[in-house]
Amino acid sequence: MATIAISQPQVQRPSRMRLLLRYLRRNKSLVFGLLILIFLITFTLYGLLTVDPKQAYPLAARSKQPPSLKYPLGTDFFGRNLYASMVVGLWQTAIIGLLAGGIGTLIGVVLGFISAYFGGLLDTLIKGICQILTPIPALLIQVVIAGSIDKRYVTIYTMALVVLLLAWMGPTLVIRSQVLSMKERQFVSVAKLSGVGDGGIIFGEILPNLLPFIAAAFVNQVFVSLFASLYLSVLGLGPLREPLMGNLIWAAQGQSAFFNGWWWWPLFPALAMVLIFSSLALINMGLDELANPRVRRTE
């Protein structure tokens, strides 16, 4: 008796590019955050190519000039071209956030894995330090440390170090909790039964599944680090000669810029910080779908 073979229609899986475009289309917050970030990067790169960085410092231009063709963002009381100051200050501010946030996240990932995966005394010690330091207001510690440093040695790198001192605790607790959950999963047990060592399980099994959490922790820590650098600068505890956004706002406040009619002086640095924080907040919200299984959706 002859059998009739029925061919099954083959379903083509969409390409990764198509999946990415679908994901971006429904994830509006991530798209808007990336667009703002691209705008800020473009503004900074174009400015570095078209403006003399020396104009970002005092006595480089005629003081107290409103926005014009010659000075697009005006000048301040000290004779700084605010356009040049914004260009230089944005990348300096970004360096502080990326250094403190990046190194803090890296330290948090390492400590979180050590604490959760190996446990024992190391877990008790790391968890105990985090639990002791976390309730203490970070602003208080950072103000005390930054205020005790000689102003001659305050640079954007020492400022990044001050922020970094407390930037590792949050990522440590987040990664620790995720590793504790992940190491009990079935695929980890199968890997152990297959003879895979600790290094193979950590780097081959657990770490790849935690990359969305690490990315979200990094963006969040950059946000926190930038906010810390901003309020330290606004309090006059940053490198005062550098045109950081917080320094420009602090100097404008000290010279009563709004009262004297120099509205453009604090306005543009404040607007830049709003855009930076908005961008990072939107990106962090967009990454939440990847990092949080409760809201994750599949195509």
Net lengthening on full extension, F118/F258 (0.36 nm per residue, minus Cα-Cα) | 44.7 nm
Quick one: what are the phi-derived ³J(HN,Hα) couplings along the range 179-192, Karplus 6.51/-1.76/1.60 with θ = phi - 60°, whole Hz, x for glycine and proline?
-> 5, 4, 6, 6, 6, 8, 6, 5, 5, 6, 4, 5, 5, 5
Assertion target for Y153, Y46, Y71, ordered by fewest C-beta neighbours within 10 angstrom first, is Y153, Y46, Y71
Taking R0 as 41 Å, what's the FRET efficiency between S194 and T134 from their Cβ-Cβ distance, rounded to 0.05?
-> 0.60
Of Q178, Q221, Q186, the most mobile residue in a GNM of the chain (C-alpha springs, cutoff 10 Å) is Q186
Using only Cα atoms, figure out Rg for the range 143-182 and give it as a multiple of 2.2 N^0.38 Å.
-> 1.68
Around T75, which amide H atoms from residues at least 5 apart in sequence, or from another chain, sit under 5 Å from its own amide H, with H modelled in the peptide plane?
-> K64, Q65, L82
May I ask for the distance between the Cα centers of the range 154-198 and the range 91-144, given as a whole number of Å?
-> 10
Where Rh is the Kirkwood radius over Cα pairs, Rg/Rh for the range 140-299 | 1.14
Which three semi-axes in whole Å describe the equivalent ellipsoid of the chain, each the square root of 5 times a Cα gyration tensor eigenvalue, listed largest first?
-> 45, 28, 13
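Here, each number is a calculation from the coordinates, and none is a lab measurement. These numbers come from a predicted model, not from an experiment. Positions of Cβ are backbone-derived with ideal geometry, glycine not excepted, and every protein chain shown enters the neighbour counts.
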